[in-house]
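Peer 1: This is the structure, below, for whatever I ask next.
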2 protein chains.
Amino acid sequence: MTTIRQIAKLANVSVSTVSRVLNNHPYVNEQTRNDVQAIIDQLNYTPNSNAIHLSKGKTNVIGISLPLVNNQYYSSILEGIAKEAAKENYHLMVCQTNNDKKKEEEILQMLRNKKMDGLIMCSKLNEGSSLEMFSTYAPIVTCEANDVPSISSVYMNHYETFRMSMDYLIQKGHTKIGYCIGRKNSFNSTHRKQAYIEGLHSIGVTPNTNWTFEECLTIDDGKHVAQQLVQLDQRPTALVVSCNHIAASIRKEIERNGIQVPEQLAIIGCDDQPIGDLFDITTISSQSEQLGKHAFRLFFKRLTTEQQLNEHIEVSPQLIERTST
Amino acid sequence: MTTIRQIAKLANVSVSTVSRVLNNHPYVNEQTRNDVQAIIDQLNYTPNSNAIHLSKGKTNVIGISLPLVNNQYYSSILEGIAKEAAKENYHLMVCQTNNDKKKEEEILQMLRNKKMDGLIMCSKLNEGSSLEMFSTYAPIVTCEANDVPSISSVYMNHYETFRMSMDYLIQKGHTKIGYCIGRKNSFNSTHRKQAYIEGLHSIGVTPNTNWTFEECLTIDDGKHVAQQLVQLDQRPTALVVSCNHIAASIRKEIERNGIQVPEQLAIIGCDDQPIGDLFDITTISSQSEQLGKHAFRLFFKRLTTEQQLNEHIEVSPQLIERTST
DNA sequence: CTGTTAGCGCCTTCAT
DNA sequence: ATGAAGGCGCTAACAG
């Protein structure tokens, strides 16, 4: 590996001069600059990033933590981050947590290790106090609402999203409404459930626990929900579903059982997966790519601004009506 | 930031001793090891990764280049890589090329910069000679077949996959067969077209250019294909489609136009996107997650083995029959 | 078993 | 405009 030192020797200058031309610093004689550059080209020299990282205390790497990468929601966020990061010449270190809290903590540790200049958390498992502590090493941005004022966030208001769905269904005349969500006790699920309950409350209806489904993560889970619905004596007339792929799966299986959508069961999704389009699922889009874009901008601003101000950006949901309601 | 040197001073030992306990090296007195560890814990010390990287000439980072991250095929590969990488404590640097050759070359450069210990290319745009040159800096593995014997690869034989589809349709009695692929002149597309032509040739049929569609990448593209098919005087009776999301889109739009699947048009997909399941698309699964897993194993083996042997693994396609044929 | 020392490759202040 | 020299923080011979 050719080093800056060898270049210097061959060009009959000091390493600092070489470093200067490498970094386009001013105060270098035009002639020497050309000479040095010639040798650099001739030797096909490339700087060693690790040395630069160590010396500068900066890596131009942004970490991204997420449960799993093979998931439309998270890869949309990733896409948004990637687009913005490319503009600033930042590289992406993608880290899967598999929803394992310990694993997430390991990722947070990488902030202290200087493996990355900051971290965007697409979901989070550790408590706020812990994040706050790690954020003293490098900026953290969450793509979920967080209860730590000192950590920037960009988020969908999932209460709002679910509430919007509920109000939309209610306005369409539904009173027998069920829901279907993912992780039972996550931050978002809690808010969604609250929106569900308060939505029903607004028309004086008590929730029916036969119509609520939790831990629905996969297409198969959706299928099972549909099968359970089919067996019910008393079915809901509408279902609010957190994810479109689940909604699609439910629609498919329920129709296969001869139940009409939306006549006998209206289904509304709450995200922006393209599968919602193919299955004609009415949905409250959450524009996840936007989430990623904003998240990177927040990180970058934080990094380049003197002030340590934190921001919390709420992305607005958007109703997209299709034939499932 | 606390350094190894400070620890050494406080523990009244040399930096090497500290380094030894840090790295669990043998030949350290139990007592001193405990003493040093105590100080490490007390100061809540974490090593600086960049210093380690520089010193060792190794980063424990594997680069991954792909056109875009928000795509089922590529995120499945990514998932496979992630799973294997986690086992060996390797981190993922995910780099989007956006199908830009220059961008891909920048990523290859990172191999020289020592930003990563190797690169898995999920698709490739640069020619083999170029890859070969970069592979002298660090191991490269492609997730496509490549014509460079010195670079390991793991791949689906896309000729075989398409040929399998053709033979399946032919055996079902079809002779009027069309196809629908992505990038017109990519490595894979070339082989797919060849399989198509040779498949037809085997039953003495000449291809009809009205039935071939190229540059189909998005769901919208699939919709357009369906619309064009509807307008045709003479329609094919079967369609081989490279991707399930396109196949799904075609099925949806063509059925919306009153054309029966599979009676009037049989559709077969050629990958393993889950959307194929939801739309009941018969498909030749390519098991992309397996691709990623093997790719990482190949990289890792290459890195840890003395011999510089390269391997080429062909992953076998698998027919999954559903209702679209 | 432990310490000394010379790197790893580059950046950056301080002189000149 | 240029050079000398001291880091950045850690590893790994080599010498005891």
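Peer 1: Can you sort B:Met93, B:Met133 by solvent-accessible area, 1.4 Å probe, largest first?
Peer 2: B:Met133, B:Met93
Peer 1: Further question on the same structure: Which value, in Å² and to the nearest 10, is the accessible area of B:His174 when all protein chains are kept and the probe is 1.4 Å?
Peer 2: Counting only protein heavy atoms, the figure is 30 Å².
Peer 1: Treating the point 7 Å from Cα along Cα-beta-carbon as the label, what are the nm separations from B:Ile203 to the other copies, to one decimal?
Peer 2: Spelled out, the distances from B:Ile203's label point are 5.5 nm.
Peer 1: Something else about it: What does the accessible area per residue of the protein assembly as shown come to in Å², with a 1.4 Å probe and no ligands, DNA or RNA counted?
Peer 2: Normalised by residue count, the accessible surface of the protein assembly as shown is 44 Å².
Peer 1: Compute the relative contact order of segment A:158-285 as a whole-number percentage, counting only Cα pairs closer than 8 Å that sit 6 or more residues apart in sequence.
Peer 2: Relative CO of segment A:158-285 lands at 26 percent.
Peer 1: Given the C-alpha centroids of segment A:118-135 and segment B:32-90, what is the distance between them in whole angstrom?
Peer 2: Result: 18 Å between the Cα centres.
Peer 1: Given q = 0.17, 0.22 Å⁻¹, what are the Debye log10 I(q)/I(0) values for segment B:161-285, with equal point scatterers placed on the Cα positions and solvent ignored?
Peer 2: Taking Cα atoms of segment B:161-285 as identical point scatterers yields -0.77, -1.39.
Peer 1: Pick out, from B:Met93, B:Ala8, B:Ser76, the residue whose Cα sits farthest towards the positive end of the charge dipole of segment B:1-132, with +1 on the Cβ of Lys and Arg and -1 on the Cβ of Asp and Glu.
Peer 2: B:Ala8
Peer 1: Of B:Met133, B:Ala226, B:Gln194, which is farthest towards the positive pole of chain B's charge dipole, taken about the Cα centre with +1 and -1 on the beta-carbons of Lys, Arg and Asp, Glu respectively?
Peer 2: With unit charges placed on the Cβ atoms, the residue in question is B:Met133.
Peer 1: Here is a follow-up. Given axes a ≥ b ≥ c from the Cα gyration tensor, I'd like to know whether the protein assembly as shown is rounded (a/c under 1.5), prolate (a/b larger than b/c) or oblate.
Peer 2: In terms of gyration-tensor shape, oblate.
Peer 1: Please work out how much accessible surface B:Arg235 shows to a 1.4 Å probe, ignoring ligands, DNA and RNA, in Å² rounded to 10.
Peer 2: 70 Å²
Peer 1: Next question, about the same structure. What distance in nm separates the two pseudo spin-label positions at B:Asn210 and A:Thr175, each 7 Å out from Cα along the beta-carbon direction?
Peer 2: Using points 7 Å along Cα→Cβ, the separation is 5.8 nm.
Peer 1: Could you rank A:Thr206, A:Thr142 by how accessible they are, 1.4 Å probe, largest area first?
Peer 2: The ordering from most to least exposed comes out as A:Thr206, A:Thr142.
Peer 1: Same structure, new question: Please work out how much length the chain gains when fully extended from A:Val15 to A:Glu255, using 0.36 nm per residue of separation minus the C-alpha to C-alpha distance, in nm with one decimal.
Peer 2: Extra length from A:Val15 to A:Glu255 when fully extended: 79.1 nm.
Peer 1: Another question, then. If you average the C-alpha positions of segment B:269-325 and of segment A:253-274 separately, how far apart do those two centres end up, in angstrom?
Peer 2: Their Cα centres are 32 Å away from one another.
Peer 1: Compute the Cα gyration tensor for chain A, then decide on rounded, prolate or oblate, letting a ≥ b ≥ c be the square roots of its eigenvalues: rounded whenever a/c is under 1.5, prolate when a/b is larger than b/c in the other cases, and oblate in all that remain.
Peer 2: Cα axes put chain A in the prolate bin.
Peer 1: To the nearest 20 Debye, how big is the dipole of segment B:1-155 about its Cα centre, given +1 on the beta carbon of each Lys and Arg and -1 on that of each Asp and Glu?
Peer 2: In debye, rounded to 20, segment B:1-155 gives about 580.
Peer 1: Would you calculate, for chain B, the mean residue ellipticity at 222 nm contributed by helices, counting each DSSP H stretch of 4 or more residues as -39,500 (n - 2.57) and dividing by all residues, to the nearest 500?
Peer 2: Here the helix-only value at 222 nm equals -14000 deg cm²/dmol.
Peer 1: Over 26 Å between C-alpha atoms is what I'm after, so list which of A:Lys114/A:Lys293; B:Lys184/B:Lys223; A:Lys103/B:Lys103; A:Lys184/B:Lys252; A:Lys172/B:Lys223 land there.
Peer 2: Over 26 Å apart, Cα to Cα: A:Lys103/B:Lys103; A:Lys184/B:Lys252; A:Lys172/B:Lys223.
Peer 1: Right, next: Might you report the magnitude of the Cβ-based charge dipole of chain A about its Cα centre, with Lys and Arg at +1 and Asp and Glu at -1, to the nearest 20 debye?
Peer 2: It works out to roughly 860 debye.
Peer 1: Tilt of helix A:158-171 relative to the longest C-alpha principal axis of chain A, in degrees (0 to 90, nearest 10)?
Peer 2: So the helix axis and the longest Cα principal axis differ by about 30 degrees.
Peer 1: Determine the gain in length on full extension of the stretch B:Ala86-B:Asp147; use 0.36 nm per residue of separation and subtract their C-alpha separation, reporting nm with one decimal.
Peer 2: 19.0 nm
Peer 1: Using 7 Å Cα-to-Cβ label points, what is the B:Lys102/A:Thr2 separation (nm, one decimal)?
Peer 2: 2.4 nm
Peer 1: Provide the gained length on full extension for the span B:Thr136 to B:Asn24, in nm with one decimal, where the gain is 0.36 nm per separating residue minus the Cα-Cα distance.
Peer 2: Computed gain between B:Thr136 and B:Asn24 is 37.1 nm.
Peer 1: Right, another one. Quick one: order A:Glu30, B:Glu144, A:Glu198 from most to least accessible surface, probe 1.4 Å.
Peer 2: I get A:Glu30, A:Glu198, B:Glu144, largest accessible area first.
Peer 1: Can you list, shortest first in nanometers, how far B:Ser130 lies from the same residue in the other copies, with each label 7 Å from Cα toward Cβ?
Peer 2: 4.4
Peer 1: Something else about it: What's the buried accessible area, both sides, between A and B using a 1.4 Å probe, rounded to 100 Å²?
Peer 2: Protein heavy atoms only, the A-B interface buries about 4000 Å².
Peer 1: Report, ordered by chain and residue number, the aspartates and glutamates lying within cross-link reach of B:Lys193, taken as a straight Cα distance under 15 Å and ignoring same-chain residues fewer than 8 apart.
Peer 2: B:Glu160, B:Asp167, B:Glu214, B:Glu215
Peer 1: How big is the accessible area of B:Lys101 in square angstrom, nearest 10, if you roll a 1.4 angstrom probe over the protein chains?
Peer 2: About 90 Å², rounded to the nearest 10.
Peer 1: Still on this model: Shape of segment A:4-47 from its Cα gyration tensor (a ≥ b ≥ c, root eigenvalues): rounded if a/c is under 1.5, otherwise prolate when a/b > b/c, or oblate?
Peer 2: Rounded.
Peer 1: What do you get for the angle between helix B:244-256 and the principal long axis of chain B? Use alpha-carbon atoms, 0 to 90 degrees, nearest ten.
Peer 2: 30 degrees
Peer 1: On to the next question. Using +1 at the Cβ of each Lys and Arg and -1 at the Cβ of each Asp and Glu in segment A:256-325, identify which of A:Gly292, A:Gly258, A:Gly276 lies farthest towards the dipole's positive end.
Peer 2: So the residue furthest toward the plus end is A:Gly292.
Peer 1: Of all the accessible heavy-atom surface of the protein assembly as shown, with the other protein chains kept in place and a 1.4 Å probe, what percent is carbon and sulfur?
Peer 2: Carbon with sulfur: 46 percent of the solvent-accessible area.
Peer 1: Put a label point 7 Å from Cα along the Cβ direction on A:Leu43, then list its distances to the equivalent points in the other copies in nm, shortest first.
Peer 2: Nearest to farthest, the other copies are at 3.6 nm.
Peer 1: Let me spell out the model: positive unit charges on the Cβ of Lys and Arg, negative unit charges on the Cβ of Asp and Glu, origin at the Cα centre of segment A:106-258. What dipole size does that give, in debye rounded to 20?
Peer 2: Charge dipole of segment A:106-258: 260 debye, to the nearest 20.
The values are calculated or read from the model by the stated rules, or taken from the named source; none is laboratory data. Everything numeric in this text was worked out from a predicted model, so none of it was measured. With ideal geometry, Cβ positions are generated from the backbone for all residues, glycine too; neighbour counts draw on all protein chains shown. All accessible areas refer to the heavy atoms of the entire protein, side chains included, with ligands and DNA or RNA removed. Shrake-Rupley method; radii C 1.70, N 1.55, O 1.52, S 1.80 Å.
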